[in-house]
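What follows is a single structure, written as structure tokens, with notes after it.
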Amino acid sequence: MRNTIIAGNWKMNTNRSSSIALADAIVDGLRAEHLGDNLDIVLCPPFVFIPLVGERIRGGRIRLGAQTMNNEPSGAFTGEVSGEMLRSVDCAYVIVGHSERRTMFAESDLDVCYRVNAAQEVGLSPIICVGETIVEREKGLMREVVERQVRTALDGILEFAARTCAIAYEPIWAIGTGENATPEQIEEAHGFIREIIGQIYTPEVAEDIPILYGGSMNAGNAASILARPGVDGGLIGGASLDAASFVSIVRAAASR
Ligand code: 13P
């Protein structure tokens, strides 16, 4: 039985005081909620605020994640952060291959695979992002692009390690645009991703891996997206910076 995951990707937002205030407001907002056992709530603040947010959520249901990591364990990699470092500040999850990393920081499909490998070696659960551009979608290339991204990210990853991963389908044209993919488009892409994972491993493994949707998910559309078969949660950008919106998305996930 796969878990539902609602993860907030704060991207390069907040500062010391607003990250604390946001974490506190989310903790407060979720206090009275009945969340059930199969729901993971994850906050992914900027690196520097991870320990601060960790202090605010200590002892509760919310878990910590990072927005990326380097695949090297340590060494002369100025500006980079390793999986070991993230574990040492209590991260449980790490986002890898976000489209903003791929497009703005030149991370290749293979880089994503190295990061998946390094993450699971230190006990972090990777949330692997995949998704097509608008041009690719209009050319009918969604399946081709997503298949390449999923297959390369999981290349050489053994079954037990794959079971620690989640996939996030984030069509690039829906990120930060206010234009979310339709529930039908999301259901199709998720079904396709599960089919690919089933081919790489087995259909049973594919059934156990959560597939999240990301791209302009908000308090208003979360319930209808999360109601679709094969949608196991969300990776939320903009709406995760507003405690009330994030709490409503978590509530929608808990009550489905
Ligand atoms: P938005 O929710 O702001 O569209 O961002 C989605 C995203 O990129 C999450 O990783």
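Among Ser88, Ser216, Ser240, the largest mean-square fluctuation in a Gaussian network model of the chain, built with springs joining Cα atoms closer than 10 Å, belongs to Ser88.
Which value, in Å², gives the accessible area per residue of segment 5-124 when a 1.4 Å probe is used on the protein heavy atoms? Could you put the intermediate results ahead of the total?
Numbers: 5790 Å² over 120 residues.
Heavy-atom accessible area per residue stands at 48 Å².
Distance between the modelled labels on Ala223 and Glu204, one decimal in nanometres: 3.7 nm (7 Å Cα→Cβ projection).
Compute the longest continuous run of the chain that contains no exposed chymotrypsin sites (Phe, Trp or Tyr not before Pro); treat a site as exposed when its DSSP state is not H, G, I, E or B and it has at most 12 other Cβ atoms within 10 Å.
Values: sites that count: Phe77, Phe105.
Here the longest segment lacking exposed loop sites spans 106-256.
Please give the contour-minus-distance gain from Glu138 to Phe105: 0.36 nm per residue of separation, less the Cα-Cα distance, rounded to one decimal in nm.
Values: separation 33, 0.36 × 33 = 11.88 nm, distance 2.47 nm.
Going from the current span to full extension adds 9.4 nm.
Could you calculate the FRET efficiency of Thr182 with Ser88 from 1/(1 + (r/R0)^6), where r is the beta carbon distance between them and R0 is 41 Å, rounded to 0.05? The calculated FRET efficiency here is 0.50.
Add -39500 (n - 2.57) for each DSSP H run of 4 or more in the chain, then divide by its residues: what number comes out at 222 nm, to the nearest 500 deg cm²/dmol? Don't skip to the end; give the middle numbers.
Working: 12 runs with 110 residues, N = 256.
Mean residue ellipticity, 222 nm, calculated: -12000 deg cm²/dmol.
Of the residues Thr78, Asn15, Thr182, the one whose Cα sits farthest toward the positive end of the charge dipole of the chain, with +1 on the Cβ of Lys and Arg and -1 on the Cβ of Asp and Glu, is Asn15. Distances between every pair of Cα atoms in the chain, grouped in 10 Å steps from 0 to the bin holding the largest one, split as 7, 34, 39, 18, 2 percent.
The values are calculated or read from the model by the stated rules, or taken from the named source; none is laboratory data. Keep in mind that what you see is a predicted model, and the values were worked out from it rather than measured. Positions of Cβ are generated from backbone atoms using ideal geometry, with glycine treated the same way; all protein chains shown enter the neighbour counts. Remember, those area values only see protein heavy atoms, side chains included, never the ligands or the DNA or RNA. Shrake-Rupley method; radii C 1.70, N 1.55, O 1.52, S 1.80 Å.
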